[in-house]
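> Have a look at the structure that comes next, please.
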Amino acid sequence: MKSIRLLLTISFTLTLVSARAHAQARVSFRPQFTSPDALAQLSLDGSGSWTVTDGKLVLEKAGKPAGPIRRPAALAIFKTDPFKQVTLKAEVRSTAPQDVIRRDLNLVFGYESPSRLYYVHLSGITTDAHHGIFLVADADRRRIDDGKGQPQLKDQNWHRVRLERNGATGRIEIYVDGSGTPVVVASDRTIRSGRVGLGSFDDTGEFRKIEITGLK
């Protein structure tokens with residue numbers, strides 16, 4: 001009987017370990033934008049117009065903020081399961097006219113719905129509403145970083161960006177062009193998990209070499 005109980009215990013333990021490992025399985029993919037059909041892997045949120053050109057995801061027409069709450073007007077959200085922990089890498093380029101100093105591009109994470117999400121606002125200036133990390137939780141977007149980050153999007157050049165998000169601890173870090181330390185940081189656990197995406201509050205831009213790695 002002791003042998004049977006021991007075997008049952010070992011079997012039960014292995015089952016738990018296997019279940020936990022499956023639940024925390026790491027997912028990694030690199031979406032390819034080689035044809036217009038690639039838009040099918042995205043949920044388009046807002047009034048912007050998107051296309052695919054030369055391996056790039058292109059926001060060719062800016063969205064216009066509207067509706068009951070203040071939030072980005074053009075987002076492309078990847079159709080994946082929600083991530084509790086995620087790294088989003090991409091090369092991004094603002095195509096707003098050169099004289100638009102408040103140009104912006106967004107990295108989205110923790111996306112639950114159009115009214116519940118986080119986004120990183122990369123811009124050419126830092127103000128109360130520009131260049132930072134923001135939370136939309138069924139109300140107007142609210143800044144959650146300290147508002148002191150140096151603007152990173154002052155031109156129409158390509159920039160390498162990396163978002164690190166840990167839903168368990170709430171830690172959010174943004175790196176740009178290989179920076180050794182994050183250019184913007186915040187901590188918030190209002191939304192613990194969600195999908196990721198790209199976009200802009202009210203400008204145009206291009207995105208390429210996208211890589212998403214995360215834990216469900």
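The values are calculated or read from the model by the stated rules, or taken from the named source; none is laboratory data. Here the structure is a predicted model, which means the values were calculated and not measured. Using ideal geometry, Cβ is built from the backbone for each residue, glycine included, and neighbour counts are taken over all protein chains shown. What goes into the accessible areas is simple: the full protein's heavy atoms, side chains included, and nothing from ligands, DNA or RNA. Shrake-Rupley method; radii C 1.70, N 1.55, O 1.52, S 1.80 Å.
> What does the C-alpha gyration tensor say about the overall shape of the chain? Classify as rounded when a/c is under 1.5, otherwise prolate if a/b is larger than b/c, or oblate.
Details: a/c = 2.22, a/b = 1.85, b/c = 1.19.
In terms of gyration-tensor shape, prolate.
> So if I take the centroid of the Cα atoms in the stretch 94-161 and the same for the stretch 184-216, what is the distance between those two points in Å?
Measuring centre to centre over Cα atoms gives 10 Å.
> Over the stretch 142-216, what is the mean sequence separation of C-alpha contacts under 8 Å (at least six apart), divided by residue count, expressed as relative contact order in percent?
Worked out over the stretch 142-216, it gives 23 percent.
> Which net charge results for the neighbourhood of Tyr111, defined as the other residues with beta-carbon distances under 9 angstrom from its beta-carbon, given Lys and Arg at +1 and Asp and Glu at -1?
0
> Here is a follow-up. From the C-alpha coordinates alone, can you work out the Kirkwood hydrodynamic radius of the stretch 136-195, in Å? Show your work: numbers first, answer last.
Details: mean 1/r = 0.0766 Å⁻¹.
Final number for the Kirkwood radius of the stretch 136-195 is 13.1 Å.
> Give me the net charge of Ala129's neighbourhood, meaning all other residues with Cβ under 12 Å from the Cβ of Ala129; Lys, Arg count +1, Asp, Glu -1. Please list the in-between numbers first.
Details: positive: Arg70, Arg71, Arg102, Arg141, Arg142, Arg143; negative: Asp104, Asp128, Asp140, Asp202.
Taking every other residue near Ala129 into account, the sum is +2.
> Hey, another quick one. In a shell of Cβ-Cβ distance under 15 Å around Ala73, excluding Ala73 itself, what net charge do Lys and Arg (+1) and Asp and Glu (-1) give? Could you put the intermediate results ahead of the total?
Working: positive: Lys61, Lys64, Arg70, Arg71, Arg102, Arg103, Arg141; negative: Asp45, Glu60, Asp104, Asp140, Asp202, Asp203.
Summing Lys/Arg as +1 and Asp/Glu as -1 gives +1.
> Percent relative contact order of the stretch 86-216, based on C-alpha pairs within less than 8 angstrom and at least six residues apart? Could the numbers behind the result be given before it?
Details: 339 pairs, mean separation 46.5, N = 131.
Computed over the stretch 86-216, the figure is 36 percent.
> What are the residues whose amide H is under 5 Å from the amide H of Gly124, where those residues sit 5 or more places off or on another chain and H is modelled from the backbone?
Hits under the 5 Å cutoff: Arg103, Leu153.
> Counting only heavy atoms of the protein chains, get the accessible area per residue of the chain (1.4 Å probe) and round it to a whole Å² value.
51
> Could you give log10 I(q)/I(0) at q = 0.15 Å⁻¹ for the stretch 97-186, computed by the Debye formula over C-alpha point scatterers of equal weight, without solvent?
-0.54
> Roughly how many percent of the accessible protein surface of the stretch 75-216 is carbon and sulfur, given a 1.4 Å probe and a whole-percent answer? Intermediate results must be reported in sequence, preceding the final value.
Working: 2500 of 5690 Å².
In the stretch 75-216, the share of accessible area belonging to carbon and sulfur is 44 percent.
> For Ser47, Ser35, write out the residues from largest to smallest accessible area, computed with a 1.4 angstrom probe and no ligands counted.
Ser47, Ser35
> Further, regarding this structure: Leaving ligands, DNA and RNA out of it, work out the accessible area of Lys61 with a 1.4 Å probe and give it in Å² to the nearest 10.
That residue has around 130 Å² of solvent-accessible surface.
> As a test of the formula, what do you get for the chain when each DSSP H run with n ≥ 4 contributes -39,500 (n - 2.57) and the sum is divided by the residue count, at 222 nm and rounded to the nearest 500 deg cm²/dmol?
Helix contribution divided over all residues of the chain: -3500 deg cm²/dmol.
> Could you work out how far helix 2-23 tilts from the main Cα principal axis of the chain, as a 0 to 90 degree angle to the nearest 10?
10
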